[in-house]
Amino acid sequence: GPAAAPAAPAWSLAPSPALAPADYQSKWMALQANAPVNVSVRRVPSEDEMKSAMAAANIACMASGDAGPVLKFFFFGHDTSGSFHLMETVIDKASLSASNTVKSDNG
């Protein structure tokens, strides 16, 4: 018989996410955080490398900065159902570890 059509992805991020800084701030303050996800990094990326890698996955950067011992990023995206997902990433330069805290409209 005919081959089955590939299943559509169950979840994906929409391209070109947009969110006003004030809306990001109010969502970040109001939403509950999931448990942080800690990962190791092989080296400390530049801010531009991080922004480019995330943009390729439909995740935009609201703000970033080099705070001495750490790099901080505030990212966001929205999925195809319209829910926003916010993430704070803190990269510890000395330990080469990244802590990622995610907050979502849909829990």
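The values are calculated or read from the model by the stated rules, or taken from the named source; none is laboratory data. Keep in mind the model is a prediction, meaning the values are calculated, not measured. FYI the Cβ positions are ideal-geometry reconstructions off the backbone, even for glycines, and counts take in every protein chain you see. All accessible areas refer to the heavy atoms of the entire protein, side chains included, with ligands and DNA or RNA removed. Shrake-Rupley method; radii C 1.70, N 1.55, O 1.52, S 1.80 Å.
Among D48, D66, which is open to solvent by 60 Å² or more (accessible area, probe 1.4 Å), within 15 Å of the chain's Cα centre (by Cα) and more than 22 Å from S12 (Cα to Cα)? Working first, answer last.
Working: D66 fails: within 15 Å of the chain's Cα centre (by Cα).
Selected residue: D48, the only one of D48, D66 that is open to solvent by 60 Å² or more (accessible area, probe 1.4 Å), within 15 Å of the chain's Cα centre (by Cα) and more than 22 Å from S12 (Cα to Cα).
One line per residue, one yes/no per condition, for (1) hydroxyl-bearing (S, T, Y); (2) without any contact (Cβ under 8 Å) to a residue 40 or more places away in the chain; (3) assigned to a helix (DSSP H, G or I):
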residue: M29; (1), (2), (3): no, yes, yes
residue: V44; (1), (2), (3): no, no, no
residue: S52; (1), (2), (3): yes, yes, yes
residue: S64; (1), (2), (3): yes, yes, no
residue: G68; (1), (2), (3): no, yes, no
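For A63, the stated conditions hold: it is touching a strand residue (DSSP E or B) at 6+ places or on another chain (Cβ under 6 Å), modelled with pLDDT of 95 or more and of a type in the set (A, V, I, L, M, F, W, C).
Can N106 be described as open to solvent by 40 Å² or more (accessible area, probe 1.4 Å) and in a strand (DSSP E or B)?
No, not satisfied.
Please go through region 53-96 and give me each residue that is closer than 20 Å to Y24 by Cα and among the hydroxyl-bearing types (S, T, Y), ordered by number. Within region 53-96, S64, T80, S81, S83, T89 meet the criteria. Of the numbered criteria (1) under 20 Å from K103 (Cβ atoms); (2) open to solvent by 90 Å² or more (accessible area, probe 1.4 Å), the one A33 fails is (2).
A4 falls short of the stated requirement of being surrounded by fewer than 16 Cβ atoms within 10 Å (Cβ to Cβ), in a helix (DSSP H, G or I) and more than 14 Å from the chain's Cα centre (by Cα).
Only one entry of A67, A63 meets the criterion of being among the aliphatic types (A, V, I, L, M) and touching a helix residue (DSSP H, G or I) at 6+ places or on another chain (Cβ under 9 Å), and that entry is A63. Is one or more of the residues making up region 72-94 at pLDDT below 95, in contact with a strand residue (DSSP E or B) (Cβ under 7 Å, 6 or more places away or on another chain) and surrounded by fewer than 16 Cβ atoms within 10 Å (Cβ to Cβ)? Yes: region 72-94 contains one or more residues that are at pLDDT below 95, in contact with a strand residue (DSSP E or B) (Cβ under 7 Å, 6 or more places away or on another chain) and surrounded by fewer than 16 Cβ atoms within 10 Å (Cβ to Cβ).
Note on region 13-27: residues that are among the polar types (S, T, N, Q) and assigned to a helix (DSSP H, G or I) amount to 2.
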